[in-house]
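Input: a single structure, listed below in structure tokens.
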Amino acid sequence: MELHQIHHLFLNSSGVSTDTRNIVKNSLFFALKGTNFNGNTFAQQALEGGASYAVIDEVSGLNDERFILVDNVLETLQTLANFHRKHLELPIIALTGSNGKTTTKELIHAVLKPYFKTVATIGNLNNHIGVPLTLLAMTADTEIGIVEMGANHAKEIAMLCEIAQPNIGYITNFGKAHLEGFGSKEGIVKAKSELYDYLKVNSGLIILNSDDSKQVVQVGAYDPVYTFSESLQTSVNVKLTRKHPFLSVALKETVIKTQLVGSYNFHNIAAALAIGTHYKLTPLQLKQGIESYIPANNRSQIIQQHSNEILLDAYNANPSSMEVALDNFNSIQNSQKIAILGDMFELGTMTSKEHLEVVSQAIATKGCVFYFVGTHFFEQKTDHPKLQFFETFQDLQLHLEQSTISNTSVLIKGSRGMALERVLELI
């Protein structure tokens, strides 16, 4: 079957399904393969569950005219998404970066959705499967698409750009994330800048944080560019007016009170304001969008629990985000503070060095007790009165069950695999 024929079936379907556990009636099922599963074995089940067609790349003993046999299901999904993107001809905003991608994406969406029919990446479905699914969620009514792009190795952002073909792009920062896949900090900069490379070749608009010298160097003399800054003369100027307990910013004369904590979120907010301004929204309209956003999913959430104030930032962690999270926590005024920090993953040969640097930062931090959790931190174990090391979460759990924490500010941060949000049940 030709691609345009599959697209015609897609347009007349209820959308795309990839999991038989939540099949939508009249959807187009794509039998994707993973490390531990083969969607082809579930294709018949998908049809029985209500899917109109099943795209497969393996022939089974079953014979059903609703099977669509292709060479590679994943490549067909990606090609279909690109075909659909061209069919819609709508503006696509793409963003990537080491830290803050999802928060920034959510802020951009919060700013634009009251005034435009927008579709944005759900959660952090930002990879070679998530980006196509996001594009295929867009319809003829969609006015703006917002696509988050994640990567853990070189050429991945370039590939995602070829699928999504963005018109506008923004990179949050170049931090130390996925060092195992990128090899070095220079590798990270080069890989993330693949978004800039695509936009430059295709005359797209770059949204630039002019306060970030690394970004300025990567963009160079390229035009068109839409800039924002706290202090420089740029397209949009945003001022940080308050840090605690939640950030407040000023756009021209309009003060915007957010539900976000941590000065590291300032540029995420500013980027959303810049994009909203580019789309001709007024400061008052932007204020309403930003102030409506409440962080969730273990990202920079403030939780009042019993007598404790908990900063839950346990969705993920890397050396850069850990450093700024500790800097922010250090600025909180409370005589009793505990930071519960979990291992950082995907750091490759830099694992030992980066975990040691966090321990060193902890030792230099005053007025805070640190609980380190996981084998990587445990390997850096050292005797210090304010540091405690737990090789497993169960070891931490036993300690917390025997302790009483009250009237304390608590930071919880670690990589996703550590699932440190479990700590909430223990304090």
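Summary table below
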read-out: Unmet criterion (only one of (1) modelled with pLDDT of 90 or more; (2) buried (at least 21 other Cβ atoms within 10 Å of the Cβ)) for Y315; value: (1)
read-out: Search result, residues across the range 352-375 that are hydroxyl-bearing (S, T, Y) and crowded, with 18+ Cβ neighbours inside 10 Å; value: Y371
read-out: Selection count where residues are surrounded by fewer than 17 Cβ atoms within 10 Å (Cβ to Cβ) and either modelled with pLDDT of 95 or more or under 30 Å from H278 (Cβ atoms) (or both), scope the range 49-65; value: 1
read-out: Filtered residues of the range 223-261 (kept if surrounded by fewer than 15 Cβ atoms within 10 Å (Cβ to Cβ) and closer than 17 Å to G169 by Cα); value: D223, P224
read-out: Residues of the range 1-25 classified as outside any strand (DSSP E or B), within 20 Å of I129 (Cβ to Cβ) and not polar (S, T, N, Q), total; value: 10
read-out: Filter result for the condition that a residue is at pLDDT 95 or above and among the hydroxyl-bearing types (S, T, Y), over S360, S403; value: S360
read-out: Hits in the range 250-268 (condition: closer than 25 Å to S98 by Cβ and either in contact with a Ser or Thr (Cβ under 6 Å, 6 or more places away or on another chain) or part of a loop (DSSP other than H, G, I, E, B) (or both)); value: T258, Q259, L260, V261, G262, N268
read-out: Hits in the range 289-307 (condition: among the polar types (S, T, N, Q) and either within 21 Å of G100 (Cα to Cα) or surrounded by 18 or more Cβ atoms within 10 Å (Cβ to Cβ) (or both)); value: S292, N297, N298, S300, Q301
read-out: Matching residues in the range 286-312 - criterion: being at pLDDT 90 or above and of a type in the set (D, E, K, R); value: K287, E291, E309
read-out: Test for F345: is it in a loop (DSSP other than H, G, I, E, B), among the aromatic types (F, W, Y) and surrounded by 17 or more Cβ atoms within 10 Å (Cβ to Cβ); value: yes
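The values are calculated or read from the model by the stated rules, or taken from the named source; none is laboratory data. Because the structure is a prediction, the values reported are computed rather than measured. So basically every Cβ, Gly included, is an ideal-geometry build from the backbone, and we count neighbours across all protein chains shown.
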